[in-house]
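Asker: A single structure is presented below for examination.
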Amino acid sequence: CTHCQYVASFWNSNRVYNEQENTKLHEINIRLVYGLRSIGKGLVAGSILCGVLNLPRPPAKIAKYDRYIGSCVEDIAQESMKEALEEAIEETENNEQRELTVALDGSWQKRGHVSLNGIVTATSGDASKVIDVVILSKHCRCPNKTKNEHQQNCEANYSGSSGGMEVEGVKQIFSRSLPLYNAKYINYLGDGDSKRFSAVEELKPYGENVKIKKLECVGHIQK
């Protein structure tokens with residue numbers, strides 16, 4: 001092996017500046033982690049893949065890549081949902097009032113109402129595109145969680161029964177429709193669960209004079 005004082009260093013991948021953490025990330029590592037997350041895999045699967053392809057090992061810690069990708073995906077999702085809402089408003093007859101029909105439904109990571117994570121989505125009644133999403137979690141990784149001491153970046157944003165996540169998510173979606181989109185959801189299409197609609201009626205997100213109408217899902221009525 002011959003050594004000399006002249007060394008030429010170079011990166012074999014472009015570097016992307018991460019404003020949140022003031023760091024630079026290699027594009028190839030970002031794409032690898034994004035691909036693994038898209039198929040529900042993590043670092044172990046990435047190491048096996050790179051080993052089989054005779055490629056260098058992936059980064060030992062991928063948390064910073066997860067945070068960067070998550071931030072980008074969230075920004076794009078917000079833009080997409082806003083465009084979907086504006087598209088739905090343009091297709092309505094009374095678009096000057098910015099009033100919409102929305103369908104809301106919830107889901108959990110595990111069945112049986114014992115899940116620590118849940119999600120509630122709102123889709124436009126006509127275009128059937130997602131216009132808002134609420135993610136709820138009871139999962140906390142804070143070191144002093146047994147003492148009820150939580151860090152500022154605690155992932156848990158909900159306390160209560162798993163079944164109540166759906167009600168809480170629906171309330172949040174209706175509460176922020178005006179400040180987020182300047183729109184009102186006056187027709188509520190649900191799956192027959194009266195608890196969610198009762199919570200919205202009690203909430204009165206648009207004041208006493210705006211009455212929200214409950215629509216029923218034909219499929220659930222047939223069942």
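Asker: Within the range 155-177, can one find any residue that is within 22 Å of Ala199 (Cβ to Cβ), at pLDDT 90 or above and basic (Lys, Arg)?
Answerer: Looking for residues that are within 22 Å of Ala199 (Cβ to Cβ), at pLDDT 90 or above and basic (Lys, Arg), one finds at least one in the range 155-177, hence yes.
Asker: Being part of a loop (DSSP other than H, G, I, E, B) and more than 19 Å from Glu19 (Cβ to Cβ) narrows it down to one of Glu96, Glu90, Glu86, so name that one.
Answerer: After ruling out the rest, the residue left standing is Glu96.
Asker: What number of residues within the range 70-111 are open to solvent by less than 100 Å² (accessible area, probe 1.4 Å) and either of a type in the set (Lys, Arg) or under 21 Å from His139 (Cα atoms) (or both)?
Answerer: 6
Asker: Quick check on this structure: which one of Asn12, Asn29 is over 16 Å from Val73 (Cβ atoms) and open to solvent by 100 Å² or more (accessible area, probe 1.4 Å)?
Answerer: Exactly one of Asn12, Asn29 is over 16 Å from Val73 (Cβ atoms) and open to solvent by 100 Å² or more (accessible area, probe 1.4 Å), namely Asn12.
Asker: From the list Ala60, Ala84, pick out the single residue that is under 24 Å from Glu155 (Cβ atoms) and among the aliphatic types (A, V, I, L, M).
Answerer: Ala60
The values are calculated or read from the model by the stated rules, or taken from the named source; none is laboratory data. Everything quoted here is computed from the prediction, not taken from an experiment. Note: ideal-geometry Cβ built from the backbone for every residue, glycine included; neighbour counts use all protein chains shown. All accessible areas refer to the heavy atoms of the entire protein, side chains included, with ligands and DNA or RNA removed. Shrake-Rupley method; radii C 1.70, N 1.55, O 1.52, S 1.80 Å.
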